[in-house]
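Here is the structure we will look at, set down as structure tokens.
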Amino acid sequence: MTPLNTVLAALEAHGCNPQESGGQWAALCPAHEDSMPSLSLTAADDGRVLVKCHGGCSFEEFARALDLPASAFFAPKPNKGLGRIVAAYSYTDEAGALLFEVVRFEPKTFRQRRPDGKGGWVWSIKGVRQVLYHDGRTGPPR
């Protein structure tokens, strides 16, 4: 799951109704009483989620209201000098919950990771149920 997807899911879970327009997102701010969307979000080229509350809330107040660590707003850096991440393939259970990802690096190599439950990653899938990859474009797996 990308940092933007993590933040959008948290906003949805808190009833903040994020809406996309031209590659940017607007939502109600969870850190203050908001009747009109005062929150702007965008994904930077490096994977960071840029957040601005036009009502004056700080980043810390916003992250705390969503129960997200600051690390949830940043793309993880590749470990062990593997290069840059060029793709991540999500492996999900029957309900669509993320079990793990296979990450492709440039120069071409692959590593596996699983969510750590705190907005970050554990670069191991030891103990994780193994499932077949399904990208969702062709209907349910058979």
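What follows draws every value from the coordinates through simple rules; no lab data is involved. Keep in mind that what you see is a predicted model, and the values were worked out from it rather than measured.
Can you give the alpha-carbon Rg of the chain over 2.2 N^0.38 Å, where N counts its residues?
Cα-based Rg divided by the globular estimate yields 1.15.
Please determine, in degrees from 0 to 90 and to the nearest 10, the orientation of helix 3-13 with respect to the longest principal axis defined by the Cα atoms of the chain, where the helix direction is its Cα long axis.
Once rounded, one gets 60 degrees.
Determine the principal axes of the Cα atoms in region 3-73, then give the extent along each, sorted from largest to smallest and rounded to whole angstroms.
31, 27, 22
Grab the Cα-Cα distance for Trp123 and Asp93, subtract it from 0.36 nm times how many residues apart they are, and report the gain in nm with one decimal.
8.9 nm
Tell me the mean residue ellipticity at 222 nm calculated for the chain from its helices only (DSSP H runs of n ≥ 4, each -39500 (n - 2.57), averaged over every residue, nearest 500).
-3500 deg cm²/dmol
So who's got an amide H within less than 5 Å of the one on His134, skipping anything under 5 residues away but keeping other chains? H placed 1.01 Å off N, in plane.
Amide H to amide H, under 5 Å and 5 or more residues apart or across chains, His134 pairs with Thr92.
Residue by residue, what Karplus-based ³J(HN,Hα) values in Hz, rounded to whole numbers, does region 48-60 have, using 6.51, -1.76 and 1.60 with θ = phi - 60° and x for Gly and Pro?
Each residue of region 48-60 in turn: 5, 9, 8, 10, 9, 9, 6, x, x, 5, 7, 4, 4 Hz.
On full extension of the chain, what length is gained from Phe110 through Arg64, given 0.36 nm per residue of separation minus the C-alpha to C-alpha distance?
The span from Phe110 to Arg64 would gain 13.2 nm if fully extended.
Under 16 Å between alpha carbons, and skipping anything fewer than 8 positions from Lys52 in its own chain: which aspartates and glutamates qualify?
Glu20, Glu33, Asp34, Glu60, Glu61
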